[in-house]
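Asks: Have a look at this one before I ask anything.
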Amino acid sequence: SAAGSGGGGMMMSEGSRGGLQPQQTRHARRLYIGNIPDIHENDVHNFFRDAIRSAIIIDPNNPNPSHQKQYIENDPIISVYINRERRFAFLEFKTMEITTACLDLDGINVMGHGKVTIKRPNDYNPAWAPPVNPSTLPRLDTAKLGIVSSTVPDGPNKIFIGGLPYHLTESQLLELLGAFGTVKAFHLVKADATALTSKGYCFVEYADPNLTQVACMGLNGMDMGGGKQLSCRMAVQGQDSSDNSGSATMQTGGGAFAAPVAAPPAAATMVDGVDVDALLNAALGGGGAAAAPTMPAVIPAAAPMMQMNSVPMMQPQ
């Protein structure tokens with residue numbers, strides 16, 4: 001299959017001439033890149049090398065000399081193989097650790113040509129991979145690269161939002177949610193990947209956990225028009241609240257989620273130092289203080305709710 005073999009018509013980047021690694025770990029040092037744009041192998045190599053250098057987290061108070069040397073001072077990528085006919089590529093890295101970290105780059109927009117899918121190749125077998133010390137794993141700040149993960153992990157910062165108009169798109173909702181802060185992960189649940197409309201609910205997690213309650217208070221009870229009113233709940237830790245595939249039955253009556261977060265009183269718009277009204281007003285494109293969190297009475301399906309130049313459209317999952 002494409003994700004498990006080299007295939008035909010593949011080219012190798014110039015950076016692959018050095019840094020040979022043991023063949024036994026090669027399956028654990030490669031990543032499959034789907035929907036790769038038609039650009040030169042060296043451009044792909046340089047793009048991902050620079051992305052790693054920009055996003056890798058180096059703690060100034062406790063820097064890891066190995067991370068600094070391997071991933072910033074030196075090139076962490078050995079080679080790039082591209083199959084142009086089938087639009088996929090393989091990246092081979094120098095270490096298993098940076099390979100694992102780069103799985104978080106899934107959904108990155110490559111040089112403005114569109115988002116790519118990043119996953120392990122089909123020949124990857126974790127049972128054959130040597131054990132890795134978790135403390136040596138590098139971490140990437142994907143928010144610096146503008147990546148919004150399509151998988152929202154279970155946890156106390158997972159937010160469920162229901163009551164969405166079915167025709168709203170990912171980019172329209174991300175524009176609204178982004179008014180509260182940087183979105184780390186977002187999933188609009190649809191019947192299937194090709195569906196043009198959603199099932200009326202989504203999951204979101206913010207990069208800053210402190211924004212979870214602020215966003216819930218601002219969004220819960222928002223009038224979306226047409227009889228639609230948002231219901232926003234924070235996930236309860238330890239409960240199975242996942243429906244990232246859109247196939248599971250949602251529990252919205254307190255089983256998998258906490259009780260709805262009450263909207264802030266009109267006289268108390270500050271939550272943890274954040275002016276919720278101001279954020280809502282910014283999201284809705286207003287210029288003054290919002291009297292109530294409302295949306296336009298009618299939102300045409302074909303018309304964008306707001307300007308979306310700053311938020312790229314997400315590819316169907």
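Asks: Taking the Cα centre of region 47-162 as the origin, how large is its charge dipole in debye, to the nearest 20, when only Lys and Arg (+1) and Asp and Glu (-1) carry charge on their Cβ atoms?
Replies: Charge dipole, region 47-162, about its Cα centre: 280 debye, nearest 20.
Asks: Given a Förster distance of 51 Å, report the FRET efficiency between S66 and D192 from their Cβ-Cβ distance, rounded to the nearest 0.05.
Replies: The value I calculate is 0.70.
Asks: What percent of all Cα-Cα pairs in region 34-193 falls in each 5 Å bin, counting up from 0?
Replies: Histogram of Cα-Cα distances, whole percents per bin: 1, 7, 15, 18, 18, 16, 12, 8, 3, 1, 0.
Asks: What list of ³J(HN,Hα) couplings, whole Hz, do you get for region 219-225 from phi and the Karplus terms 6.51, -1.76, 1.60, once you set θ to phi - 60° and write x for glycine and proline?
Replies: Working through the residues one at a time gives 8, 5, x, 5, 7, 9, x Hz.
Asks: If you roll a 1.4 Å probe over region 171-228 with all protein chains in place, what percent of the accessible area is carbon or sulfur?
Replies: Exposed carbon and sulfur together represent 50 percent of the surface.
Asks: Could you please state how large a percent of the accessible area of region 75-170 is carbon and sulfur, counting protein chains only and using a 1.4 Å probe?
Replies: 51 percent
The values are calculated or read from the model by the stated rules, or taken from the named source; none is laboratory data. No experiment lies behind these values; they were computed from the predicted model shown. FYI the Cβ positions are ideal-geometry reconstructions off the backbone, even for glycines, and counts take in every protein chain you see. Note: areas computed on protein heavy atoms with side chains; ligands, DNA, RNA excluded. Shrake-Rupley method; radii C 1.70, N 1.55, O 1.52, S 1.80 Å.
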